[in-house]
Amino acid sequence: MITAENLHKRYGSKNAVDGISFQLQPGKVTGFLGPNGSGKSTTMRMAVGLDRPTSGSITIDGKQFSQHKAPMRTVGAVLDAGATHPGRTGKSHLKVLAATHGISASRVQHVIELTGLGEVAGKRIKGYSLGMNQRLGIAAALLGDPAVLMFDEPVNGLDPEGVRWVRSLARQMAAEGRTVFVSSHLMSEMSQTADHLIVLGRGRIIADAPIQELLNSGEQRVLVRTEQTSDLANALTARDVSISHIDAETLQVTGLDPRSIGRRALEAQVVLHELTPQLTTLEDEYMKLTGDHVEYRSGGAFEEAAQ
């Protein structure tokens, strides 16, 4: 379990983390989302003692990270997969970590095979790709068979097979009763992995809810195709209904369910060729939540420079 209570972190005049509180439960994958600079990595670094809170606290199983006698057996973290000695082999790196906690050589070999590093474990880390470094970081996190796992952008640099493997690993670890905390910018991947979401914006929590609750909170949109778009738009017009013209024969309707649209089309004698509900995506909800909290926003500089 990871618990944050009124957690603050300031760097000079900047509030990187601004009074956040949450509690992560075992048996769930909790996704940690937010724009760049929102405080996600800083929060994770404070959880494992790499940064010290300005005030408040963040604990793992009721203790600060430094108070755990065998921290690798309590929490496994991947915060910077490249933080390794480039001259060591992957296997020697894992053996050094294992020696600090009395972890057996058989366990080292087990995590090497589990993470797919068998063919490169004897090679020097300086020759590893970004994806191999990610797998090595995950192997190190799993060494102590910990009850808590923290992954910051774990699929960065992985190929599609690797991305699917990390997703399955996170789900499996949670199913075994572990607390799994994953930060990512990949909305499509997070929607398939997380049970619960915490969303930060400018250092503050702007959402803390089950993922399905967030998806269900969105407005229902329906794609409608007809040759009589003007007649249909007139029949659907109401105060709480929004209608967008996608093309000459396609409308996107927000605020009415498909059955109501079909009924009104029948009354107006409008022939429909398509009536398709559009599911709210995590990306849609994320953009709505964080729209006012983006610190680094793209502008039109590229377009101006290109002219």
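The values are calculated or read from the model by the stated rules, or taken from the named source; none is laboratory data. Keep in mind it's a predicted model, so treat the numbers as computed, not measured. Cβ atoms come from the backbone with ideal geometry, glycine included; neighbour counts cover every protein chain shown.
Structure notes:
- Top-ranked residue of region 197-222 - restricted to ones that are among the basic types (Lys, Arg) and in contact (Cβ under 8 Å) with a residue 60 or more places away in the chain, ranked as surrounded by the most Cβ atoms within 10 Å (Cβ to Cβ): Arg202
- For region 93-130, the set of residues classified as touching a residue at least 12 places away in the same chain (Cβ under 8 Å), over 28 Å from the mean Cα position of the chain (by Cα), part of a loop (DSSP other than H, G, I, E, B) and closer than 17 Å to Pro146 by Cβ consists of Thr100, His101, Ile103, listed by residue number.
- Strands (runs of 3 or more DSSP E) fully within region 131-248 counting 1 or more residues that are in contact with a helix residue (DSSP H, G or I) (Cβ under 6 Å, 6 or more places away or on another chain) and acidic (Asp, Glu): 148-152
- Evaluation of Leu136 against the conditions (1) in contact (Cβ under 8 Å) with a residue 40 or more places away in the chain; (2) at negative phi; (3) crowded, with 18+ Cβ neighbours inside 10 Å; (4) within 19 Å of the chain's Cα centre (by Cα) shows that the sole unmet condition is (4).
- Any chance Ser106 is exposed (fewer than 15 other Cβ atoms within 10 Å of the Cβ), at pLDDT 95 or above and of a type outside the set (Phe, Trp, Tyr): yes
- Residues (of a type outside the set (Ser, Thr, Tyr), surrounded by fewer than 16 Cβ atoms within 10 Å (Cβ to Cβ) and in a strand (DSSP E or B)) located in region 38-91: Lys63
- Checking each residue in region 256-307 for being small (Gly, Ala, Ser), assigned to a helix (DSSP H, G or I) and modelled with pLDDT under 75 picks out Ala301, Ala305, Ala306.
- From the list Val182, Val166, the one residue that fits, being over 17 Å from Pro26 (Cα atoms) and within 14 Å of the chain's Cα centre (by Cα), is Val166.
- If only residues of region 233-263 that are closer than 30 Å to Glu213 by Cβ and more than 33 Å from the chain's Cα centre (by Cα) are counted, the one that is surrounded by the fewest Cβ atoms within 10 Å (Cβ to Cβ) is Arg239.
- Subset of region 34-65 [more than 23 Å from the chain's Cα centre (by Cα) and basic (Lys, Arg)]: Arg52, Lys63
- Test result for Glu153, among the acidic types (Asp, Glu) and on the phi > 0 side of the Ramachandran plot: yes
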